[in-house]
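Take a look at the structure below.
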Amino acid sequence: MTNQMIALEKSKPETGLWRVEAPVPEIGHDDVLIRINKTGICGTDIHIWNWDEWAQRTVPVPLITGHEFAGEIVELGGDVTGLEIGQRCSGEGHLIGRQSRQSRAGRFHLDPETRGIGVNEQGAFAEYLRLPAFNVVPLPDAVDDEIGAILDPLGNAVHTALSYDLVGEDVLITGAGPIGIMAAAVARHVGARHVVITDVNPARLELAAQVTDVVPVNVAQEDLRDVAARLKMKQGFDVGLEMSGNQAALDQMVESLVMGGRIALLGIPPGKSPVDWSRIVFKAITLKGIYGREIFETWYKMIAMLENGLDVRRVITHRFAAQDFREGFEIMRSGRSGKVVLDWR
Ligand code: ZN
């Protein structure tokens, strides 16, 4: 093995990413070195590409970006046990501390010291990635590298969808991006009755209907009340999964929910936004914010469901060789794609 590798780096504080030669990371005694096979491009990577206000505040330069990956273990740190060279894996990209009350209670996903690969630490858009062995998630044969590369966003979808019991429930999902669409597939898989997904982008709604058995609604053209009546829902939706960060979508969700309805929020509003709290209080609605994946309960559930027939493959709409990453980012930035996967082999 040479000690140089190809990587995609935020090399300068401006729009874009650059293909660079970088040293292969050196691993510590608790780390593994992973040879990357496939990576997914995330909305987060688009923020970093665009170098928006959030990215400028958050991302150090230079930094190898990317956090959605699948690959194979090629080196083990001296203290690593239970993993093997050659093992196929993905992994949790949130690197957690061990000191906080939450971590010490085993609620790792709530650790306030969390740092993200590809955001705060060297990332996965590279031929090799260093990862703490603790974060490695081995992949069974049923999960190939392409699906392995989108387990991070699928995990967001699973974490959000499994926030509440969906068996027999009517579920409203606002925002038909890849995570919203995958959440719809999860809701179907676990036994929701009606699953309605809303957006104003016809291409995304079309993709949603291709990926799973869901009722797509373009809220620019159709009123949710008419949809509820068409589906013979008596009072409204039982559970809302907010995936858009859009103010109007949250308002529609609150209006469309039953008394005592429950909402899980994954979408991130761009800033402070007005909320009609009195509606939420008088409808006795429960709100839950979702961050990342439960470590590692979400991973366990997600892989078990993939082994048990959950199929989200069609959410991947574009595949490029890693050297053609510009095309991948372009199609992502256009909003006319589902998940875009880069191949590093
Ligand atoms: Zn992501």
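The values are calculated or read from the model by the stated rules, or taken from the named source; none is laboratory data. Being a predicted model, the structure only gives us computed values, none of them experimental. Every residue, glycine among them, receives a Cβ derived from its backbone with ideal geometry; neighbour counts consider all protein chains shown. Just the protein is used for accessible areas: all its heavy atoms, side chains included, with ligands, DNA and RNA removed. Shrake-Rupley method; radii C 1.70, N 1.55, O 1.52, S 1.80 Å.
Just to be sure before I move on: is PHE296 within 30 Å of VAL239 (Cα to Cα) and in contact (Cβ under 8 Å) with a residue 40 or more places away in the chain in the structure I sent? Taking the combined requirement at face value, the residue satisfies it. Listed residues VAL211, VAL217, VAL167; which is more than 20 Å from ALA249 (Cα to Cα) and either surrounded by 19 or more Cβ atoms within 10 Å (Cβ to Cβ) or hydroxyl-bearing (Ser, Thr, Tyr) (or both)? Result of the check over VAL211, VAL217, VAL167: VAL211.
In segment 232-251, what residues are open to solvent by less than 60 Å² (accessible area, probe 1.4 Å) and touching a strand residue (DSSP E or B) at 6+ places or on another chain (Cβ under 7 Å)? Talk me through it step by step, then tell me what you get.
So in segment 232-251, the residues open to solvent by less than 60 Å² (accessible area, probe 1.4 Å) come out as 233, 236-245, 247-250.
Hits for segment 232-251 are GLY236, PHE237, ASP238, VAL239, GLY240, LEU241, GLU242, MET243, SER244, ALA249, LEU250.
Filtered by the rule that a residue be assigned to a loop (DSSP other than H, G, I, E, B), more than 16 Å from the ligand (Cβ to nearest atom), buried (at least 17 other Cβ atoms within 10 Å of the Cβ) and under 24 Å from the mean Cα position of the chain (by Cα), segment 43-82 gives a lone residue, TRP51.
When ASP199 is tested against the conditions (1) more than 30 Å from GLU53 (Cβ to Cβ); (2) of a type in the set (Asp, Glu); (3) surrounded by 22 or more Cβ atoms within 10 Å (Cβ to Cβ), the lone failure is (1).
Could you please give the count of residues in segment 30-42 that are in contact with a helix residue (DSSP H, G or I) (Cβ under 8 Å, 6 or more places away or on another chain), away from the ligand (no atom under 14 Å from the Cβ) and of a type in the set (Val, Ile, Thr)?
Of segment 30-42, the ones in contact with a helix residue (DSSP H, G or I) (Cβ under 8 Å, 6 or more places away or on another chain) are 30-32, 37-42.
Add one more test, that the residue is away from the ligand (no atom under 14 Å from the Cβ), and what stays is 30-32, 37.
Remaining after also requiring of a type in the set (Val, Ile, Thr): 32.
Result for segment 30-42: 1.
Residue check: VAL281 meets all listed conditions (1) of a type in the set (Val, Ile, Thr); (2) free of Cβ contacts under 8 Å to residues at least 12 places away in the same chain; (3) assigned by TED's automatic domain parsing to the domain that holds TRP18 but one, namely (3). Any residue at all in segment 96-105 that is away from the ligand (no atom under 16 Å from the Cβ), in contact (Cβ under 8 Å) with a residue 40 or more places away in the chain and either acidic (Asp, Glu) or more than 28 Å from PRO62 (Cα to Cα) (or both)? For segment 96-105, residues away from the ligand (no atom under 16 Å from the Cβ), in contact (Cβ under 8 Å) with a residue 40 or more places away in the chain and either acidic (Asp, Glu) or more than 28 Å from PRO62 (Cα to Cα) (or both): absent. Every residue in segment 281-302 that is farther than 21 Å from GLY180 by Cβ and either assigned to a loop (DSSP other than H, G, I, E, B) or open to solvent by less than 70 Å² (accessible area, probe 1.4 Å) (or both), please. Once the filter is applied, which keeps residues that are farther than 21 Å from GLY180 by Cβ and either assigned to a loop (DSSP other than H, G, I, E, B) or open to solvent by less than 70 Å² (accessible area, probe 1.4 Å) (or both), segment 281-302 yields LYS283, ALA284, ILE295, PHE296. The lone criterion from (1) out of contact with any strand residue (DSSP E or B) (no Cβ under 6 Å at 6 or more places or on another chain); (2) without any contact (Cβ under 8 Å) to a residue 40 or more places away in the chain; (3) in the same structural domain as ALA161 (by TED's automatic domain parsing) left unmet by ILE263 is number (1). Taken over segment 318-345, the criterion of being part of a strand (DSSP E or B) and either within 16 Å of the chain's Cα centre (by Cα) or buried (at least 20 other Cβ atoms within 10 Å of the Cβ) (or both) is satisfied by LYS339, VAL340, VAL341, LEU342. State whether the residues of segment 42-52 include one that is over 21 Å from PRO132 (Cα atoms), modelled with pLDDT of 95 or more, of a type in the set (Val, Ile, Thr) and in contact with a Pro (Cβ under 8 Å, 6 or more places away or on another chain). Checking segment 42-52: not a single residue is over 21 Å from PRO132 (Cα atoms), modelled with pLDDT of 95 or more, of a type in the set (Val, Ile, Thr) and in contact with a Pro (Cβ under 8 Å, 6 or more places away or on another chain). Selection of segment 259-269 for residues being crowded, with 17+ Cβ neighbours inside 10 Å and either touching a helix residue (DSSP H, G or I) at 6+ places or on another chain (Cβ under 7 Å) or within 15 Å of VAL281 (Cβ to Cβ) (or both) yields GLY261, ARG262, ILE263, ALA264, LEU266. Yes or no: ILE6 over 20 Å from ALA321 (Cα atoms), open to solvent by 10 Å² or more (accessible area, probe 1.4 Å) and more than 16 Å from the ligand (Cβ to nearest atom)? It is false that ILE6 is over 20 Å from ALA321 (Cα atoms), open to solvent by 10 Å² or more (accessible area, probe 1.4 Å) and more than 16 Å from the ligand (Cβ to nearest atom).
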